[in-house]
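Below you'll find the structure, written out as structure tokens, and then a few comments.
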Amino acid sequence: SAPDIAGKDRANPLATILSVAMMFRHTFGRADVASRIEAAVRAVLAQGLRTVDIAAAGERSVGTRAMGDAVVAALSASARG
């Protein structure tokens, strides 16, 4: 929780997204879905996208919405093959 940055498009959504992957793997027994989510996060990070909290000094950062949208796009791309 980060109430000090709520609504400012600065939070990093990756931990929440990866928590959903864990839910699919451990609660629903869907390792296939979890692996797709994890691969999407890895792909986005490999593209160089970073939120402000994980960007190196001088690196461009994106907001919460852009990071989440990038993960969704990576998931969609993996579904299309």
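The amide H of residue 30, built 1.01 Å from its N in the peptide plane, has 25 as neighbours under 5 Å, considering only residues 5 or more places off or on other chains.
Annotation: amide H-H contacts under 5 Å for residue 51 (H modelled 1.01 Å from N, sequence separation of 5 or more, or interchain): 62. Between residue 76 and residue 19, the contour length at 0.36 nm per residue exceeds the Cα-Cα span by 18.6 nm. Helical runs (DSSP H, four residues minimum) scored at -39500 (n - 2.57) apiece and divided by the length of the chain put the mean residue ellipticity at 222 nm at -16500 deg cm²/dmol. Scalar couplings 3J(HN,Hα) for region 8-15, obtained by applying the Karplus form with A = 6.51, B = -1.76, C = 1.60 to θ = phi - 60°, are 9, 6, 10, 6, 8, x, 5, 5 Hz; x denotes Gly and Pro.
Taking a point 7 Å out from the Cα of residue 65 in the direction of its Cβ, the residues of region 7-28 whose backbone N falls within less than 14 Å of it are 7-11.
Of the residues 34, 55, 70, the one that moves most in a GNM of the chain with alpha-carbon contacts below 10 Å is 55. Here the chain is assigned +1 on the Cβ of each Lys and Arg and -1 on the Cβ of each Asp and Glu. Its dipole about the Cα centre then comes out at about 180 debye. Over the chain, accessible surface divided per residue gives 65 Å², non-protein components excluded, 1.4 Å probe.
In this rough spin-label picture, where each label sits 7 Å from Cα along the Cβ direction, the residue 5-residue 53 distance is 0.5 nm.
Taking the 1.4 Å solvent-accessible surface of the chain as the whole, the part contributed by carbon and sulfur is 57%.
The values are calculated or read from the model by the stated rules, or taken from the named source; none is laboratory data. Here the structure is a predicted model, which means the values were calculated and not measured. When we count neighbours, we look across all protein chains shown, and the Cβ atoms used for this are built from the backbone with ideal geometry, even at glycine. Note: accessible area is taken over every heavy atom of the protein model, side chains too, but ligands, DNA and RNA are not part of it. Shrake-Rupley method; radii C 1.70, N 1.55, O 1.52, S 1.80 Å.
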